[in-house]
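One structure is given here, and the rest of the page talks about it.
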Amino acid sequence: MLIVNPFATSTTEAGRDALLHTLSASLRRPDEAGNGARVDIRVEHTTHRGHAGELAAQARAERYDVVVVHGGDGSVNEVVNGLLDPPSEPESGMPSPALAVVPGGSANVFARALGIDADPLKATGQLVDLLTTGQRRRVSLGHTNNRWFLFNAGVGVDAQVVKSIDEQRTAGHRATATRYLWTAIRTFMGAARSKPTLTVTVPGREPLEGAHFAFVSNASPWTYLGSRPIETNPDTTFDGRLGVFASTSMAPIRNLPLVRQLLSSKAKPHAKHLLREDDVAYVEIHSSKPIDMQMDGEYLGTRTALEFGCRPAVLEVISPKS
């Protein structure tokens, strides 16, 4: 099943047609006579929020082999939550299709973190090769609020940025890297005047009180600024457990060195006002008042308490070997 979000940032009608044509023409498997037969591809276009998840659940119920998503990280998140049983429920034992992604959003963090090319046409050729050679791997997923997340979730300033970008897109502005950067700077400067509300707890440490924001990662990078990866937890991987990144200061003078570290390809972020841990089993976040939350780049409203966990090797993906 090919699930397409026609409203995603970087999808076009011509690109969608090329994707379907390439997959249809290139993918073959032996029929009963041993001859090459085309793989059947069912195409579904999403029409409303949550539709991608509904289609993925249908693909699982009908025993599809692979679900390919052409859309952004939000669409991929929906599909994954449709392919798998909810985190709080016992596993049903029903097999799930493998997941493949052809990037179609603005950041495409999950696909790029897996080694998938950011260009949709190149990614399509890459996908054909991966399907033909049978390259698959299993990855861990984070979860909170009875929902799976692929690469990150956060409360505070990053969620406020996502909310602002959503509002700007609704007003007709494109979600470009430059727009993300200036929105992040403006949001950070505004948040510097607010009082901290968070308490962050991880195993083996005293709770961190007075945090302004907290990011929880399931992989690295946390996001991309254009072609540049932003790595809050460079040692967090799809094969391990969670990473956490939380700050007790929003003062620009204290955070400028941290920004330089985040933009570096070598340094590991560190500062006296920063809690950064990798490979933790769980993260608990409590806020003294409702605070904005995002998951995989999708704004989810406000929360006052969240418990984050991780489940290893829960999702099969079509991707290069780790």
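Taking all protein chains in place and a 1.4 Å probe, what share, in percent, of the accessible surface of the chain do carbon and sulfur account for?
On the way: 7770 of 15200 Å².
C and S fraction of accessible area: 51 percent.
In a fully extended conformation the segment linking ILE230 and LYS289 would gain 18.4 nm over its present Cα-Cα distance, using 0.36 nm per residue. Inter-label distance, ASP119 to ALA305: 5.1 nm, where each label sits 7 Å from its Cα along the C-beta direction. Using alpha carbons only, how many angstrom separate the centre of segment 260-312 from the centre of segment 183-224? If you average the Cα positions of each part, the centres end up 6 Å apart.
Bridging of LYS272 to lysines at a Cα separation below 21 Å is possible for LYS195, once same-chain residues fewer than 8 apart are set aside.
Across the chain, the longest piece that holds none of the trypsin sites (Lys or Arg not before Pro) lying in DSSP loops with up to 15 other C-beta atoms within 10 Å covers 64-173.
What segment 146-276 shows is 50 Å² of accessible area per residue, with the surface traced by a 1.4 Å probe over protein heavy atoms. Of the residues ASP279, ASP65, ranked by 1.4 Å probe accessible area with the largest first, the sequence reads ASP65, ASP279.
One chain, two ends: THR178 and ALA281. Fully extended at 0.36 nm per residue, the span grows by 33.6 nm beyond their Cα-Cα distance. Accessible surface ranking for MET94, MET250, 1.4 angstrom probe, highest first: MET94, MET250. The Cα center of segment 37-77 and the Cα center of segment 133-173 differ in position by 18 Å.
Let me check I've understood the local charge: for VAL109, count other residues with C-beta under 10 angstrom from its C-beta, Lys and Arg +1, Asp and Glu -1. What total comes out? Mind showing how you got there, number by number?
Details: positive: ARG112; negative: ASP73, ASP296.
Net of charged neighbours comes to -1.
For helix 157-170, report the angle its Cα long axis makes with the longest principal axis of the Cα atoms of the chain; keep it between 0 and 90° and round to the nearest 10°. On a 0 to 90 degree scale, this one is about 50.
Dividing the summed -39500 (n - 2.57) terms of all DSSP H runs of n ≥ 4 by the residue count of the chain sets its mean residue ellipticity at 222 nm at -9000 deg cm²/dmol. Accessible surface computed residue by residue for segment 1-133, with neighbouring protein chains in place and a 1.4 Å probe, gives 46 Å² per residue. Of all lysines in the structure, the ones whose alpha carbon falls short of 18 Å from that of LYS122, not counting any fewer than 8 places away in one chain, are LYS321.
The values are calculated or read from the model by the stated rules, or taken from the named source; none is laboratory data. Here the structure is a predicted model, which means the values were calculated and not measured. Every residue, glycine as well, gets a Cβ built from its backbone with ideal geometry; the counts of neighbours run over all protein chains shown. Just the protein is used for accessible areas: all its heavy atoms, side chains included, with ligands, DNA and RNA removed. Shrake-Rupley method; radii C 1.70, N 1.55, O 1.52, S 1.80 Å.
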